[in-house]
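Asker: Handing you this structure, nothing more for now.
What follows draws every value from the coordinates through simple rules; no lab data is involved. The model shown is predicted, which means the values in this text are computed figures rather than measured ones. Reconstructed Cβ throughout: ideal geometry from the backbone, glycine too, with neighbour counts over all protein chains shown.
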Amino acid sequence: MKLLVAFISVLVLVAIPYLGITYAGMSSVFGIIVPYAAVIIFILGFVYRIIKWARSPVPFRIPTTCGQEKSLPWIKQNKLDNPSSTTGVVGRMVLEVLFFRSLFRNTKTELRDGPSLAYASSGWLWLAAIAFHWSFLIILIRHFRLFSVPVPYFINVLENVDGFLQIGIPTLYITDVLLLAAVLYLFIRRIAIPQVRYISLVSDYFPLFLIFGIGLTGVLMRYFYRVNVIGVKELVMGLIALKPNVPADIGSLFFIHLFLISALFAYLPFSKLMHMGGVFFSPTRNLANNNRMVRHINPWNYPVHVHTYAEYEDDFRDKMKSVGLPVEKE
Amino acid sequence: MPNESKSDELKQDELVKIDYKPPKKDWMDTPVHFRHGTYIYPAKAKNLTYLGLPNPREWSPADEDWKLPDNWKDIILNGMKERLDKYRSFKVFMDICVRCGACADKCHFFIGGGDPKNMPVLRAELIRSVYKGNFTAAGKILGRLNGARGLTKDVIKEWFYYFYQCTECRRCSVFCPYGIDTAEITMMGRELLTLLGCNVNWVIEPVANCYRTGNHLGIQPHALKDMFEMLLDDIQDRTGVKIEPTFNRKGAEILFVTPSADYFADPGIYTCMGYLMLFHELGLDYTWSTYASEGGNFGLFTSHEMIKRLNAKIYAEAKRLGVKWIIGGECGHMWRVMHQYMDTMNGPADFLEEPVSPITGTRFENAKSTKMVHITEFTADLIKNNKLKLDPGRNDKLRITFHDSCNPARAMGILEEPRYIIKNVCNNFFEMPENTIREQTFCCAGGAGLGTDEMMEIRMRGGMPRANAVKHVHDKHGVNRLTCMCAIDRATLSTLMEYWVPDVKVTGIHELVANALVMKGEKERVVDIRGEALKEKKGEDNVR
Amino acid sequence: MKLINILSEKKEIVLKKWFDKIAASYPVNAPSFLKNQKNQFANPVGYTIEETIEAVLDVLINEGTDKKAQEFLDRFVQVRAVQDFTPSRAVDFLFMLKQLMKDELKDELQEKGMYEEFLLMESRIDRMVLASFESYLKYREKIYELRVNEFKNMAFRLLERANLTFEFKDDDPAFEKDVSDSDNVK
């Protein structure tokens, strides 16, 4: 049911631009208004969410320590899993954000007898997550060739590396394959492992379908139904220069692709995909375990009722004196 | 879990034909069932009243009517809003979970029992669903499809059941790619329940006792001194050394704070004897306090405010007595508070000095702000500097393994110090499997206020992963002692071992130190600190 | 062919199905976890199930002793006793085996003399059920004993610490006197 709702939603998102372009000729709506709106929603939404998080203070320093603390000089500290300095925290965050350190921990277990699909899934999860996120990033960067004249050197390098297999014409990009495969794996995993299926929501399936749709339309455009790339670049450059115009004959497939991307951008700030920003805000990861070295300030620290020593002594003075415990007031 | 027992199920012919597949219901549609043995008795009204906490009353979780205040819904929603605004952790953790399932099988309660709501992700979802339903646009529009739900009395019951089935051990947080910490979620859940007076007595009574008398058990100062007399008699009996510690002494250099279970409960008392002997042998200028006679802080299992209310005594007493710095004994959750909360809540401790060991001259740089040093840091430093005369052979009848207690491991990272001490005071040390120790250590299943007898079944179930690893080293290496540095562990692991691995007894680190410590003027040691023969009698084989 | 030979041939399939049936007695998504997490320490319950059913089948096939089977059954029932099961469900996993054999060996059981062998084996399984039931009760009693002990230890310590109890010491003169008295009686 949840899966179906997500799937149909994405189908609808595909249908809207297709119908709009094919039958209503609304190319300026889908080529100009929607992308602008999506970008505006994305930026405002993203900033709003970040500000909302940032406005809640971090009252306590609560890192989860995953290694030896800094203590006596002759005991070797684990500076990355239990950092005590800013450098260490940066290192920990880099490992976390770029290499999914915590997720990787899952893979380190000995096997009882032979690997099995679902067990190995914890290792595969890390691999698929890495493949997915990195491919996505590289593909995103590759798209910058549409945004810039002349195409920057590093993008050409990246494309060459990505296409180093030299298969097919046009050259097959590895990341294209990886992205689709990883999304597919993440989806299959979500329905195949009962624990994960049990906790999955529409908002878990939807982005998977959406991103798969984006990837698929992109791949179709590149390898199978070529679109008018010159036109596309003209459109994109126009959008960037704030002088939008829509060249003719771009093809509806491109508009579907663009619309899905717009949908993703607009959806992102309001979804779990905000984890891309949120991971930087996680107090169990982004704080140094220097609790006893540097005092952490709680901005809303307020006075509380306490049972003072004077009250305590009043309660027990005679009993204390009877066993020779020193008292303040005789 | 299916536990309704229809009489027809027991008809002979049908017994083998029962379809065991439980109905495939969404978790939101499976309300909790309070069966005896799976919940903790509610907080007594007098304790709540004494602490000034809301809604004191007579009630039971098994009752249909929990006697919640009329405006309970507003209380919870306002309470949630307040906490979302005050704790970034809470807000971020509510927002960023992608339900990847990496945490699903990391909780000892899930591993031992299989209840899906014991998967950390779902435990968080219990409260996240209410957050979505009331605080997010997507949740309000999409409702259940997006995992959102309204707030009902059944939700409150579910929270009570599952937030008191979490030991705040933070194991899941180690594996989460975003560091989402279920302990933080559970703490919020319990704070919210506290607003409605839905507390458990096993937590609230120690809190009330601690508030008034300074310790969880409500031991009054004169009785506390008596207890020490008995420990001192036992020490003299077994070592020939007479020790005279001081209490509430002004002008001492160091204040020593440890959980009260150390001087009251078996087997903690032997660890306590270890502290007494060690400090005596060093001639340390230190004092105990009857006012700050509790290192533990069950406020941690109630609310942030309660942590602060109880913890305030430590610095207040240090200031009153005019000590220079503080040493803390072997305890788990106590150190979570001392390490991660005390300085922020009740500091700055500018009236104290940076801790320097008077014996070795070592400056404890890592405690320069809080001014409180963990006893294993202190002792490891002594051993490293050859300040102790040790005879590890006295622990030879013990074959030892070490349980990393959750909080020292995952809230401090104090992993090597205890191991260094153990390896210096005994000869037979064996590690448990890698994925059950250090930052991946399994909880005793009795922490965070769950260690009461009415929870026995849940405790044995949740403690199974820990016990299973102990059993492994017991079978493989003949391990007969489980060492730990946590007062709750010493109590709950003892019971856990009795059920799962009865040959293994539980011990604190400084009990081992006490056995190995060669003291000035001691008599020939024939018994260990428990009064048991130091060497195995011939023909008696404790080691399998 | 004898029944044990047939069972031996079908061992893998019986074990697999038996495991699934037992795993299915756990809540919604636990079965797949029990089955697929192969690490002994990450999944002690699944490991115990596997160990137990293998041992039981092994005993039946190789005509091992009841005692050996009992050892494993005891360990498994120890686990079931602290999980959310009614008493009948906690020990019914051996009935699952019986049913499985009836289903899996349906055709073979028609053969001559086979049914008698099955009846023999069945009564053996029945004995195991009874043994499991005893284990179950033992562990349930243990739980209550532990409860009482925790409570008693606490109360006793309190009295002792408060100097309210009187304890006989080994070197108590009264104790020695009693001993010598009893010697005299001899």
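Asker: Using a simple spin-label model with points 7 Å from Cα along the Cα→Cβ vector, what separation in nm is obtained for B:Lys67 and C:Arg127?
Answerer: 5.7 nm
Asker: Oh, and also: Using Cα atoms only, what is the angle between the long axis of helix A:252-267 and the major principal axis of chain A, expressed in degrees (0 to 90) to the nearest 10?
Answerer: 10 degrees
Asker: Separate question: Checking the a/c ratio against 1.5 first, then a/b against b/c, what shape does the Cα gyration tensor give for the protein assembly as shown? All intermediate terms of the calculation are to be shown ahead of the outcome.
Answerer: Values: a/c = 1.97, a/b = 1.35, b/c = 1.46.
Cα axes put the protein assembly as shown in the oblate bin.
Asker: I'd like the orientation of helix B:182-195 relative to chain B: the angle between its Cα long axis and the longest Cα principal axis, in ° from 0 to 90, rounded to 10.
Answerer: Tilt relative to chain B: about 70 degrees.
Asker: Show that you can apply the helix-only estimate: for chain A, add -39,500 (n - 2.57) for every DSSP H stretch of four or more residues, divide by all residues, and state [θ] at 222 nm to the nearest 500. Numbers along the way, then the final one.
Answerer: Numbers: 13 runs with 189 residues, N = 330.
That comes out to -18500 deg cm²/dmol.
Asker: So which of B:Lys313/B:Lys520; B:Lys225/B:Lys308; B:Lys471/C:Lys11; A:Lys2/C:Lys10; A:Lys319/B:Lys67; B:Lys368/B:Lys523 end up more than 32 Å apart by C-alpha?
Answerer: Working: B:Lys313/B:Lys520 35 Å; B:Lys225/B:Lys308 27 Å; B:Lys471/C:Lys11 29 Å; A:Lys2/C:Lys10 41 Å; A:Lys319/B:Lys67 40 Å; B:Lys368/B:Lys523 39 Å.
Long pairs (Cα-Cα over 32 Å): B:Lys313/B:Lys520; A:Lys2/C:Lys10; A:Lys319/B:Lys67; B:Lys368/B:Lys523.
Asker: In deg cm²/dmol and to the nearest 500, what is the mean residue ellipticity at 222 nm of chain B if only DSSP H runs of at least 4 residues count, each as -39500 (n - 2.57), divided by the residue total? Write down the numbers at each step before the final one.
Answerer: Details: 22 runs with 230 residues, N = 544.
So the helix-based figure for chain B works out to -12500 deg cm²/dmol.
Asker: Same structure again: Quote the relative contact order of chain A in percent (integer), defining contacts as alpha-carbon pairs under 8 Å separated by 6+ residues.
Answerer: The normalised contact order for chain A reaches 33 percent.
Asker: For every other residue with a beta carbon closer than 14 angstrom to the beta carbon of B:Lys324, add +1 if it is Lys or Arg and -1 if Asp or Glu, then tell me the sum. Spell out each step's value before the answer.
Answerer: Working: positive: B:Arg249, B:Lys250, B:Lys319, B:Arg320, B:Arg363, B:Lys368, B:Lys371; negative: B:Glu253, B:Asp285, B:Glu317, B:Asp350, B:Glu353, B:Glu354.
That works out to +1.
Asker: Which order do peptides A:43-55, A:284-296, A:11-23 fall in by mean Cβ count within 10 Å, highest first? Before the final figure, lay out the partial values.
Answerer: Details: A:43-55: 13.8, A:284-296: 22.5, A:11-23: 15.8.
The densest-packed peptide leads the list: A:284-296, A:11-23, A:43-55.
Asker: Between B:Gly295 and residues 5 or more places away or on another chain, which pairs have amide H atoms under 5 Å apart, with H built 1.01 Å from N, and which residues are they?
Answerer: B:Thr258, B:Ser260
Asker: Still on this model: Determine which residues of the stretch A:225-266 fall in the zone a paramagnetic label at A:Leu44 would reach in this model, i.e. backbone nitrogen under 13 Å from the point 7 Å along Cα→Cβ.
Answerer: A:266
Asker: Related question: Neighbouring Cβ atoms within 10 Å as the yardstick, rank B:Tyr420, B:Tyr164, B:Tyr315, A:Tyr302 fewest first. Each step should come with its number before you reach the end.
Answerer: Working: B:Tyr420 19, B:Tyr164 27, B:Tyr315 24, A:Tyr302 7.
Lowest count first: A:Tyr302, B:Tyr420, B:Tyr315, B:Tyr164.
Asker: Still on this model: Count, for each residue of A:199-206, the Cβ atoms from other chains sitting within 10 Å of its Cβ, then give me the mean as a whole number.
Answerer: On the way: counts 13, 3, 10, 6, 10, 6, 0, 2.
Average neighbour count from other chains, rounded to a whole number: 6.
Asker: If R0 is 25 Å, what FRET efficiency do you get for A:Ile188 and A:Val5 from their C-beta distance, rounded to 0.05?
Answerer: Values: r = 19 Å, r/R0 = 0.75.
The computed FRET efficiency comes out at 0.85.
Asker: Shielding by partners for B:108-120, please: the mean number of other protein chain Cβ atoms within 10 Å of each residue's Cβ.
Answerer: On the way: counts 1, 0, 5, 10, 5, 8, 14, 6, 10, 1, 2, 7, 0.
For this peptide, the per-residue mean of nearby foreign Cβ atoms is 5.
Asker: Specify whether the C-alpha gyration tensor of the stretch B:24-93 places it in the rounded, prolate or oblate class, a ≥ b ≥ c being the square roots of the eigenvalues: rounded for a/c under 1.5, otherwise prolate if a/b is larger than b/c and oblate if not.
Answerer: Numbers: a/c = 1.92, a/b = 1.07, b/c = 1.79.
It comes out oblate by the Cα gyration axes.
Asker: Take B:Val518 and C:Tyr144, extend 7 Å from each Cα along the Cα→Cβ direction, and tell me the distance between the two endpoints in nm.
Answerer: Label at B:Val518, label at C:Tyr144, 5.3 nm between them.
Asker: By per-residue mean of other Cβ atoms within 10 Å, what is the highest-first order of B:29-40, B:401-412?
Answerer: Values: B:29-40: 15.8, B:401-412: 27.8.
In descending order of packing, they fall as B:401-412, B:29-40.
Asker: Further question on the same structure: Restricting attention to the alpha-carbon atoms of the stretch B:401-544, what are Rg (one decimal) and Dmax (integer), both in Å?
Answerer: 15.6, 48
Asker: Which Cα, out of A:Pro244, B:Val130, B:Cys426, lies furthest along the positive dipole direction of the protein assembly as shown (beta carbon charges, K/R +1, D/E -1)?
Answerer: About the Cα centre, the residue reaching furthest to the positive side is A:Pro244.
Asker: Hey, if you put +1 on the Cβ of every Lys and Arg and -1 on every Asp and Glu Cβ in the protein assembly as shown, which of B:Phe228, B:Pro408, B:His280 ends up farthest toward the positive end of that dipole?
Answerer: Towards the positive end, the residue furthest out is B:Pro408.
Asker: Given the Cα-Cα distance of B:Glu353 and B:Phe430 and 0.36 nm per residue of separation, how much length would full extension add, in nm?
Answerer: Details: separation 77, 0.36 × 77 = 27.72 nm, distance 3.86 nm.
Result: 23.9 nm gained on full extension.
Asker: What whole-number value in cubic angstrom gives the convex hull volume per residue for the C-alpha atoms of the stretch C:3-139? Could you put the intermediate results ahead of the total?
Answerer: On the way: hull volume 14.2 nm³, N = 137.
Given the Cα convex hull of the stretch C:3-139, per-residue volume reads 103 Å³.
Asker: Only four residue types carry charge here, +1 at the Cβ of Lys and Arg and -1 at the Cβ of Asp and Glu. Report the dipole size of chain A about the Cα centre in Debye, rounded to the nearest 20.
Answerer: Values: 30 positive and 18 negative charges, 49 e Å.
Using Cβ point charges on Lys, Arg, Asp and Glu, chain A gives about 240 debye.
Asker: What is the mean number of Cβ atoms from other protein chains located within 10 Å of the Cβ atom of each residue in peptide B:365-373, rounded to a whole number?
Answerer: Numbers: counts 7, 12, 4, 4, 7, 5, 1, 1, 2.
Taking all residues of B:365-373 together, the mean is 5.
Asker: What is the magnitude of the charge dipole of the stretch B:39-167 about its Cα centre, with +1 placed on the Cβ of each Lys and Arg, -1 on the Cβ of each Asp and Glu, and no other charges, expressed in debye to the nearest 20? Walk me through the intermediate numbers first.
Answerer: Details: 21 positive and 14 negative charges, 81 e Å.
Taking the Cα centre of the stretch B:39-167 as origin, the dipole is about 400 debye.
Asker: Identify, among B:Leu352, B:Leu496, B:Gly268, the residue whose Cα sits farthest towards the positive end of the charge dipole of the stretch B:207-516, taking +1 on the Cβ of Lys and Arg and -1 on the Cβ of Asp and Glu, with the dipole about the Cα centre.
Answerer: B:Leu352
Asker: Let me ask you something else. Tilt of helix B:487-500 relative to the longest C-alpha principal axis of chain B, in degrees (0 to 90, nearest 10)?
Answerer: The angle comes out at about 70 degrees.
Asker: Could you give the spread of the C-alpha atoms of the stretch B:26-199 along their three principal axes, from largest to smallest, in whole angstroms?
Answerer: 44, 37, 29
Asker: Considering Cα pairs under 8 angstrom that are at least six residues apart, work out the relative contact order of the stretch B:285-357 and quote it in whole percent. Spell out each step's value before the answer.
Answerer: Working: 59 pairs, mean separation 25.3, N = 73.
The normalised contact order for the stretch B:285-357 reaches 35 percent.
Asker: Please list, ordered by chain and number, the residues whose modelled amide H lies under 5 Å from the amide H of B:Val373; skip anything fewer than 5 residues away on the same chain.
Answerer: Result for B:Val373 returns B:Ile326, B:Ile327, B:Gly328.
Asker: Fewest first, what order do B:His374, B:His477 take by the number of other Cβ atoms within 10 Å? Provide the component values of the computation, followed by the final result.
Answerer: Values: B:His374 28, B:His477 18.
If I rank by nearby Cβ atoms, fewest first, I get B:His477, B:His374.
Asker: Still on this structure, please answer the following. Treating only the Cβ of Lys, Arg, Asp and Glu as charged (+1, +1, -1, -1), what charge dipole size does the protein assembly as shown show about its Cα centre? Round to the nearest 20 debye.
Answerer: Numbers: 132 positive and 125 negative charges, 757 e Å.
My answer is approximately 3640 debye.
Asker: If each of A:Ile297 and C:Gln110 carries a label point 7 Å out from its Cα toward its Cβ, how far apart are those two points in nm?
Answerer: 8.7 nm
Asker: Still on this model: Could you compute the net charge surrounding C:Gln70? Neighbours are other residues with a C-beta less than 11 Å from the C-beta of C:Gln70; K and R count +1, D and E count -1.
Answerer: Details: positive: C:Lys67, C:Lys68, C:Arg75, C:Arg127; negative: C:Asp66, C:Glu71, C:Asp74, C:Glu134.
Combined, the nearby Lys, Arg, Asp and Glu give 0.
Asker: Separate question: Under the 0.36 nm per residue contour assumption, what length would be gained going from the current alpha-carbon distance of A:Glu328 and A:Lys76 to full extension?
Answerer: Values: separation 252, 0.36 × 252 = 90.72 nm, distance 4.56 nm.
86.2 nm is the gain from fully extending A:Glu328 to A:Lys76.
Asker: With the contact rule set at Cα under 8 Å and sequence spacing of 6 or more, what percent relative contact order holds for chain B? The partial results should precede the final answer.
Answerer: On the way: 973 pairs, mean separation 85.9, N = 544.
Taking the mean separation of contacting Cα pairs over the length of chain B, I get 16 percent.
Asker: When the Kirkwood radius is taken over all Cα pairs of the stretch A:189-330, what Stokes-Einstein diffusion coefficient follows at 25 °C and 0.890 mPa s, in µm²/s? Please list the in-between numbers first.
Answerer: Details: Rh = 22.4 Å.
So the translational diffusion coefficient is about 110 µm²/s.
Asker: If neighbour count is taken as other Cβ atoms inside 10 Å, put B:Cys176, B:Cys97 in order from fewest to most. Intermediate values should be presented prior to the final figure.
Answerer: On the way: B:Cys176 29, B:Cys97 25.
Neighbour counts put them in this order, fewest first: B:Cys97, B:Cys176.
Asker: When a/c is below 1.5 the answer is rounded, else prolate if a/b is larger than b/c, else oblate, so apply that to the stretch C:85-136 with a ≥ b ≥ c taken from the square roots of the Cα gyration tensor eigenvalues.
Answerer: Numbers: a/c = 5.72, a/b = 2.06, b/c = 2.78.
Here the stretch C:85-136 falls in the oblate category.
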